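The values are calculated or read from the model by the stated rules, or taken from the named source; none is laboratory data. Since the model is a prediction, treat every value here as computed from it, not as a measurement. Because the Cβ atoms are built from the backbone with ideal geometry, glycine has one as well, and the counts that use them run over all protein chains shown.
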Amino acid sequence: MNRFYSINESTNMNVIDLVGKNVRFLILGQYQESLTPELYMKGRLVGVDQAVYIIETDNQDKTGKQTICVPMSQCIVSTTD
């Protein structure tokens with residue numbers, strides 16, 4: 001069962017507990033810029049710094065790992081473990 005987390009929720013969870021776990025991110029607001037209504041990304045959360053998730057993902061073209069940063073206010077996170 002997936003657990004969804006959002007910085008806007010009033011829960012007693014600690015975001016640091018998600019570091020090192022495999023997660024899926026739903027990027028909010030992408031429907032305004034493209035024809036795709038939702039944009040999901042999968043990866044491993046490697047850190048959190050100043051309200052930004054730091055995620056490590058595998059590139060589709062097999063060029064290695066890619067590290068991306070996503071603002072917490074722009075996404076919803078679910079665990080995949």
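Among the residues making up region 19-39, those that are at pLDDT below 60 and either of a type outside the set (S, T, N, Q) or closer than 19 Å to A51 by Cβ (or both) are Y31, E33, L35. Taking each residue of region 39-58 that is within 13 Å of I76 (Cβ to Cβ) and touching a residue at least 12 places away in the same chain (Cβ under 8 Å) and looking for partners that are assigned to a strand (DSSP E or B) and not β-branched (V, I, T) with beta-carbon atoms closer than 6 Å, six or more apart or interchain, yields Y40/R24; Y40/L26; M41/F25.
Which one is modelled with the lowest pLDDT, of the residues in region 40-63 that are part of a strand (DSSP E or B) and among the basic types (K, R)?
Out of the qualifying residues, it is K42.
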